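To start, the structure itself, in structure tokens.
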Amino acid sequence: MNTVIAFIVIFGALVFFHELGHLIFAKRAGILCREFAIGFGPKVFSFKKDETTYTIRLLPIGGFVRMAGEDPEMIEIKPGHRVGLLFNKSEEVQKIILNNKEKYPDARIVEVERADIEHELFIKGYEEGEDDSKLTTFPISKTAVLVENGVETQIAPFDRQFGSKTLGQRTMAIFAGPMMNFILAMVIFIILAIFQGIPSNEPVLGKLTPDGSALKAGLQEGDVVNSIEGSEVSSWQDVVEIIRKNPGNELDFSIVREGQNIELPVTPEVKDVEGEKIGLIGVYSPVEKSPLKSISYGVKETYFWTKEIFTMLGKLLTGQFSIDALSGPVGIYVSTDTVAKSGIFYLMKWAAILSINLGIMNLLPFPALDGGRLTFFAVEALRGKPIDKQKEGMVHFVGFALLMLLMLVVTWNDIQRFFL
């Protein structure tokens with residue numbers, strides 16, 4: 001159960017912050033965001049704040065921000081339609097009732113002659129109970145809603161739609177999702193550095209394990225190592241290398257403790273790692289705590305893991321890794337179970353690495369992913385005009401189908417690897 005909770009919290013947080021990036025920059029650009037969703041499929045929970053409906057959906061495999069104009073907008077109000085109109089204090093149409101008009105006794109019924117709810121924002125028609133020959137124009141509020149079967153949907157004037165924004169604004173609204181994943185990873189690494197400390201390369205002993213040969217020999221945390229077997233050491237890396245090369249061999253440690261020079265014999269335990277015998281004495285690397293250095297550490301760790309993941313992707317593309325090496329949600333769950341047993345700090349580091357991975361995957365120039373959309377924006381910048389929406393939509397649809405197929409293959413591989 002702890003693993004289930006950890007998996008849900010980690011995966012939910014990664015998706016939440018990713019979609020939050022899209023939401024923040026879309027709203028900054030003035031785009032109407034209809035829905036902020038975690039998961040796909042049927043709604044489990046939802047509430048509305050301002051213009052946006054926030055939902056949690058049944059299948060926890062991602063999320064989305066539904067921006068006005070990304071999909072075909074609204075039902076078209078055609079000539080001859082009879083609609084009910086409710087007005088605000090400024091005598092602008094606030095609600096356009098498409099059916100069940102009898103439930104709105106205060107609505108003014110109008111037979112539509114012409115309507116524009118995207119650009120000019122008006123309805124022109126003949127009002128029942130008035131002079132049938134009088135053609136009246138009714139201005140529409142920018143925040144008006146369409147009411148169909150009792151459900152209200154806010155209209156999206158063209159200046160509130162995704163496609164009306166500049167190329168820079170649209171690019172930022174899409175790029176902000178992966179960007180937030182990198183920022184989240186950086187913040188997690190900074191928090192880890194604040195609480196755990198930053199690994200140091202000084203030849204100073206960190207925490208000692210209770211069953212290690214270092215503690216048995218009398219070494220203590222904070223001891224400064226001057227030399228081992230007469231060989232001077234100047235870094236923690238020097239200490240590690242000498243110990244690893246001498247499994248089972250007694251080593252004379254020359255240390256400084258509280259200003260006093262002390263000589264202690266220590267025998268590294270023998271550890272078999274992938275067929276190679278190495279020495280261990282049960283000492284962690286030294287750490288230092290500094291708020292400023294923690295920020296630097298967060299940036300460096302984020303860069304390091306970004307580089308590592310790109311390296312792995314390069315090996316996959318060049319055939320050094322097969323698709324069987326990839327893991328999906330099942331593999332991530334199993335790995336989360338393993339990491340969770342090591343403690344909260346290891347779990348946080350795992351979450352940071354997953355966040356970077358999610359950011360990179362979404363930046364790949366593959367249709368249906370953020371990177372695919374950014375690729376279309378790059379083409380638009382080069383040719384000076386956007387690609388036809390229908391053609392782009394078809395490419396994304398095919399890309400999404402292939403992505404789902406890949407997910408099924410990877411999930412099946414995970415099931416075979418871990419459960420069969």
Problem set entry | Single residue of segment 124-159 satisfying the filter (loosely packed, with under 15 Cβ neighbours inside 10 Å and basic (K, R)) that is nearest to D50 (Cα to Cα) | K142
For this session: For segment 50-60, name all the residues that are out of contact with any Gly (no Cβ under 7 Å at 6 or more places or on another chain) and either touching a residue at least 12 places away in the same chain (Cβ under 8 Å) or open to solvent by less than 50 Å² (accessible area, probe 1.4 Å) (or both).
Result: E51, T52, T53, Y54, T55
Exercise. When you scan segment 61-113, how many residues do you find that are acidic (D, E), within 23 Å of I31 (Cβ to Cβ) and without any contact (Cβ under 8 Å) to a residue 40 or more places away in the chain?
Worked result: 2
Exercise. Filtering segment 63-99 down to residues that are assigned to a loop (DSSP other than H, G, I, E, B) and of a type in the set (S, T, N, Q), which residue is modelled with the lowest pLDDT?
Worked result: N99
Exercise. In segment 366-399, what residues are open to solvent by less than 30 Å² (accessible area, probe 1.4 Å) and more than 23 Å from the chain's Cα centre (by Cα)?
Worked result: E380
Exercise. Is it the case that some residue within segment 304-321 is in a strand (DSSP E or B) and closer than 30 Å to L192 by Cβ?
Worked result: no
Problem set entry | Any chance Y126 is among the aromatic types (F, W, Y) and farther than 30 Å from M404 by Cα | yes
For this session: Using the structure shown, decide if E102 is farther than 25 Å from D50 by Cα and not in a strand (DSSP E or B).
Result: yes
For this session: Would you check if there is a residue in segment 162-179 being open to solvent by 10 Å² or more (accessible area, probe 1.4 Å), polar (S, T, N, Q), under 21 Å from the mean Cα position of the chain (by Cα) and modelled with pLDDT of 90 or more?
Result: yes
For this session: Look at segment 105-123 and say how many of its residues are open to solvent by 60 Å² or more (accessible area, probe 1.4 Å) and touching a strand residue (DSSP E or B) at 6+ places or on another chain (Cβ under 8 Å).
Result: 5
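The values are calculated or read from the model by the stated rules, or taken from the named source; none is laboratory data. Everything quoted here is computed from the prediction, not taken from an experiment. Glycine gets a Cβ as well: all are built from the backbone with ideal geometry, and neighbour counts include every protein chain shown. Just the protein is used for accessible areas: all its heavy atoms, side chains included, with ligands, DNA and RNA removed. Shrake-Rupley method; radii C 1.70, N 1.55, O 1.52, S 1.80 Å.
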